[in-house]
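Undergrad: Below is the structure I would like to discuss, written out as structure tokens.
Computed from the coordinates by the stated procedures, all read-outs in this text should not be read as laboratory data. As the structure is a prediction and not an experimental result, all values here were calculated from the model. Methodologically, a virtual Cβ is constructed for each residue, glycine included, from the backbone with ideal geometry; neighbour enumeration extends over all protein chains shown.
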Ligand SMILES: [Zn+2]
Ligand SMILES: [Zn+2]
């Protein structure tokens, strides 16, 4: 099969289109003919070497997959050849540990994040995935839309609904609002009934951010403190919840934008930089620092249902052929993308 292979870390040109052996399914796995694969910032930090945990090269990147089942090995678990399916971000979980049995399978000790290890990832014509990481795609949802359901939408569904516990009439700050996570965090915060204040560094993305449902958009240049704007917009109070898709570069501004008893949900990190903070800055104001990680199978099913209902509109900036993976990474790193880029093998 044709696939994008990373043999060494580096700039976008290390993404090479190669011909490699088709992946062979183990028991309990389905072979999926990939129709669409989302391009995530995770793929960039795996490629450039910033992200190291669990990485085994050479690897085929990509964990945002939608496609059709072409073969099944072992118990089909209700799936059949020909089914249209989307994947969670994982190709394998154990299926029987406490995490797996309590719908928290991203934390399974055996979980294999797809595209981090070896020649089995979504930037390819075929990928092998355990059937307990698959959800059937509703008819109304396209493969491009379904491919970004788990990571770009499901992750922030968890952040906004399950972890952030956003309620009607609350105020939510979404950082990095024009990005793949941010643009969907706006939509989901609106769905939960919140007033949404979106932060972006890109004037060019403001219109798209407003279309996604933001009530207010704060445009900041990189490195400047935006908390004064946030205080002004909230009558000095601050926001009840922050969905933080950027991390370190905005850490201080985000902290200073929070109301008393706010929930700060960490869901993205763009750099390898660390942050200094004094715990008293949080506990004296009863602020909770929380986190959301990748999507559960139930979260993916909920996300696909929301898309099918028209309640959430997946924002896809550009669709490119698989061979253009390097160009896709350059676009993403340039920060000019609103929503996701999707690759089609
Ligand atoms: Zn992703
Ligand atoms: Zn498990």
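Undergrad: Taking the chain as the reference, fit the longest principal axis to its C-alpha atoms, fit the long axis of helix 180-191 to the helix C-alpha atoms, and give the angle between the two in degrees, 0 to 90, nearest 10.
TA: 60
Undergrad: Something else: FRET efficiency for residue 305 and residue 280, Cβ-Cβ distance as r, R0 = 41 Å, nearest 0.05?
TA: 0.45
Undergrad: Then there is this: Find the relative contact order for segment 51-188 and round it to a whole percent, using C-alpha pairs within less than 8 Å whose residues are 6+ positions apart.
TA: Details: 216 pairs, mean separation 36.8, N = 138.
Relative contact order comes out at 27 percent.
Undergrad: Please order 40, 128 by the number of other Cβ within 10 Å, starting at the fewest.
TA: Result, fewest neighbours first: 128, 40.
Undergrad: While we're here: Quick one: 99, 264, fewest Cβ neighbours within 10 Å first, how do they rank?
TA: Listed from fewest to most nearby Cβ atoms, that is 99, 264.
Undergrad: Any chance you could tell me what percent of the C-alpha pair distances in segment 11-83 go past 22 Å? Intermediate results must be reported in sequence, preceding the final value.
TA: Details: 957 of 2628 pairs.
Beyond 22 Å sits 36 percent of the P(r) for segment 11-83.
Undergrad: Return one quarter of the surface area of the convex hull spanned by the alpha-carbon atoms of the chain, equal to its mean projected area, in nm².
TA: 16.1
Undergrad: When averaged across all projection directions, what area in nm² does the alpha-carbon convex hull of segment 233-345 cover?
TA: For the Cα atoms of segment 233-345, the hull's average projected area reads 9.9 nm².
Undergrad: Something else about it: Roughly speaking, what is the centre-to-centre gap between segment 275-327 and segment 69-97 when only Cα atoms are used, to the nearest Å?
TA: Here the answer is 23 Å between Cα centres.
Undergrad: Taking only the alpha carbons of segment 114-235, what extent do you get along each of the three principal axes, in Å, biggest first?
TA: The Cα atoms of segment 114-235 stretch 52, 31, 25 Å along their principal axes.
Undergrad: Pairs of alpha-carbon atoms within less than 8 angstrom and 6+ residues apart define the contacts here; what relative contact order does segment 153-291 have, in percent?
TA: 23
Undergrad: When a footprinting reagent is the concern and you count Cβ atoms within 10 Å, what order do 313, 230 take, fewest first?
TA: Working: 313 17, 230 26.
With the sparsest Cβ surroundings first, the list reads 313, 230.
Undergrad: Top mean-square fluctuation among 282, 304, 332, Gaussian network model of the chain, C-alpha springs under 10 Å?
TA: Checking each option, the largest mean-square fluctuation is seen for 282.
Undergrad: Right, something else. Just to be sure I understand: if I project the alpha-carbon convex hull of segment 1-129 onto a plane and average over all orientations, what area do I get in nm²?
TA: The number I arrive at for segment 1-129 is 7.5 nm².
Undergrad: Please work out the Cα center distance from segment 27-43 to segment 236-256, rounded to the nearest Å.
TA: Between the Cα centre of segment 27-43 and that of segment 236-256, the gap is 32 Å.
Undergrad: What percentage of all Cα-Cα pairs in segment 145-195 are separated by more than 14 Å?
TA: Tail of the P(r) past 14 Å holds 45 percent of the pairs.
Undergrad: Tell me the angle of helix 297-309 to the major Cα principal axis of the chain, expressed in degrees between 0 and 90 and rounded to the nearest ten.
TA: Tilt of helix 297-309: around 80 degrees.
Undergrad: Could you state the angle between the C-alpha long axis of helix 325-334 and the longest principal axis of the C-alpha atoms of the chain, as a value from 0 to 90 degrees rounded to the nearest 10?
TA: Computed tilt is about 10 degrees.
Undergrad: A further question follows. Per 5 Å bin, what is the whole-percent P(r) computed from every C-alpha pair distance within segment 178-232?
TA: 4, 22, 31, 22, 17, 4, 0
Undergrad: Which one of 148, 137, 183 has the biggest mean-square fluctuation once the chain is modelled by GNM with Cα springs under 10 Å?
TA: 137
Undergrad: Explain nothing, just the number: relative contact order of the chain, from Cα pairs under 8 Å at least 6 residues apart, as a whole percent.
TA: Answer for the chain is 20 percent.
Undergrad: Specify whether the C-alpha gyration tensor of segment 153-291 places it in the rounded, prolate or oblate class, a ≥ b ≥ c being the square roots of the eigenvalues: rounded for a/c under 1.5, otherwise prolate if a/b is larger than b/c and oblate if not.
TA: rounded
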